[in-house]
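Below you'll find the structure, written out as structure tokens, and then a few comments.
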Amino acid sequence: MPKWFNVGKIVNTHGINGEVRVISNTDFPDERYAPKSLLYLFLPGKKEAIPLTVKSHRVHKNFNLLKFEGYEHINDVVQWKNSILKITDKQLTDLSDDEYYFHEIIGCEVVTIDNDIIGVISEILTPGANDVWVVERDSGKDILIPYIEEIVMDISIDEKKIIIKPMEGLLE
């Protein structure tokens, strides 16, 4: 039984030629959405996966626009709205030592170099130059931690623990 990983959500159709608008949830959109790539479609409320082969990919107004082989008209894809696109664990590629998949980081406990517990990473935002980790705290509002060398000192995926050196004002 494969383990599944979300790479995007189809939120709408685009035009009449079978393109769909996708809100991406992958670290590697250029790789995942490359022509000839295999993705699996999960319709709302359904358990079985529908294999799809990417025909084309382009970016338009913060959306990834995808077209799939064999689906040439809006009527072929309109029922895919609110569906999830996934890949299997076998499609994950090896990363270099300082790279991590989102699913490896989410759920990690964040502590300071003084061993003060900050909270657990609940989400990763990708606003621009660097990722930002949303850290849920037991009390108070969430903390946003930029994933930069000056702050993130150590990442242990095996221990699900990340050590940070907070800069002034970060934890307030």
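The values are calculated or read from the model by the stated rules, or taken from the named source; none is laboratory data. What you see is a predicted model, and the numbers here were worked out from it, not measured in a lab. As a convention, Cβ positions derive from the backbone with ideal geometry for all residues, glycine included, and neighbour counts pool all protein chains shown.
Scan the range 65-84 and give yes if some residue there is assigned to a strand (DSSP E or B) and touching a residue at least 60 places away in the same chain (Cβ under 8 Å), otherwise no. The answer is yes, given that some residue of the range 65-84 is assigned to a strand (DSSP E or B) and touching a residue at least 60 places away in the same chain (Cβ under 8 Å). Can you report the number of residues in the range 11-50 which are at pLDDT below 90 and among the polar types (S, T, N, Q)? Adding up the residues that qualify gives 3.
Residue check: is ILE113 of a type in the set (Val, Ile, Thr), modelled with pLDDT under 95 and touching a Phe, Trp or Tyr at 6+ places or on another chain (Cβ under 7 Å)? No.
Take LYS165 and decide whether it is modelled with pLDDT of 90 or more and in contact with a Cys (Cβ under 7 Å, 6 or more places away or on another chain). Against the criterion (modelled with pLDDT of 90 or more and in contact with a Cys (Cβ under 7 Å, 6 or more places away or on another chain)), LYS165 does not qualify. Got at least one residue in the range 3-14 being free of Cβ contacts under 8 Å to residues at least 60 places away in the same chain and either buried (at least 16 other Cβ atoms within 10 Å of the Cβ) or in contact with a Leu (Cβ under 7 Å, 6 or more places away or on another chain) (or both)? Looking for residues that are free of Cβ contacts under 8 Å to residues at least 60 places away in the same chain and either buried (at least 16 other Cβ atoms within 10 Å of the Cβ) or in contact with a Leu (Cβ under 7 Å, 6 or more places away or on another chain) (or both), one finds at least one in the range 3-14, hence yes. The C-beta contact set for the range 119-147 (first residue free of Cβ contacts under 8 Å to residues at least 40 places away in the same chain, second residue of a type in the set (S, T, N, Q), distance under 6 angstrom, 6+ apart or interchain) comprises VAL134/SER122; GLU136/SER122; PRO146/ASN130; TYR147/ASN130.
Does LEU43 satisfy being in contact with a Lys or Arg (Cβ under 7 Å, 6 or more places away or on another chain) and assigned by TED's automatic domain parsing to the domain that holds THR13? Spelling it out, it is not the case that LEU43 is in contact with a Lys or Arg (Cβ under 7 Å, 6 or more places away or on another chain) and assigned by TED's automatic domain parsing to the domain that holds THR13. Number of residues in the range 73-90 that are in contact with a Gly (Cβ under 7 Å, 6 or more places away or on another chain) and either closer than 12 Å to THR13 by Cβ or at pLDDT below 95 (or both) equals 4.
For the range 41-52, the criterion of being free of Cβ contacts under 8 Å to residues at least 24 places away in the same chain, touching a strand residue (DSSP E or B) at 6+ places or on another chain (Cβ under 9 Å) and part of a loop (DSSP other than H, G, I, E, B) is met by at least one residue. Among the residues examined, VAL54 does not qualify as under 18 Å from LYS9 (Cβ atoms) and more than 19 Å from the chain's Cα centre (by Cα). Taken over the range 85-106, the residue count meeting the criterion of being under 15 Å from LEU39 (Cβ atoms) and free of Cβ contacts under 8 Å to residues at least 12 places away in the same chain is 0.
Yes/no matrix, rows are residues, columns are (1) polar (S, T, N, Q); (2) over 17 Å from ILE84 (Cβ atoms):
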position	(1), (2)
PHE5	no, no
GLY8	no, no
ASN17	yes, yes
ILE23	no, no
LYS36	no, yes
LEU39	no, no
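Here are some residues: LYS36, LYS90. Which one is surrounded by fewer than 16 Cβ atoms within 10 Å (Cβ to Cβ), of a type in the set (D, E, K, R) and assigned to a loop (DSSP other than H, G, I, E, B)? From the options LYS36, LYS90, the qualifying one is LYS36.
Checking VAL120, VAL134 one by one, the residue that is crowded, with 17+ Cβ neighbours inside 10 Å and either within 29 Å of PRO44 (Cβ to Cβ) or at pLDDT 95 or above (or both) is VAL120 and no other.
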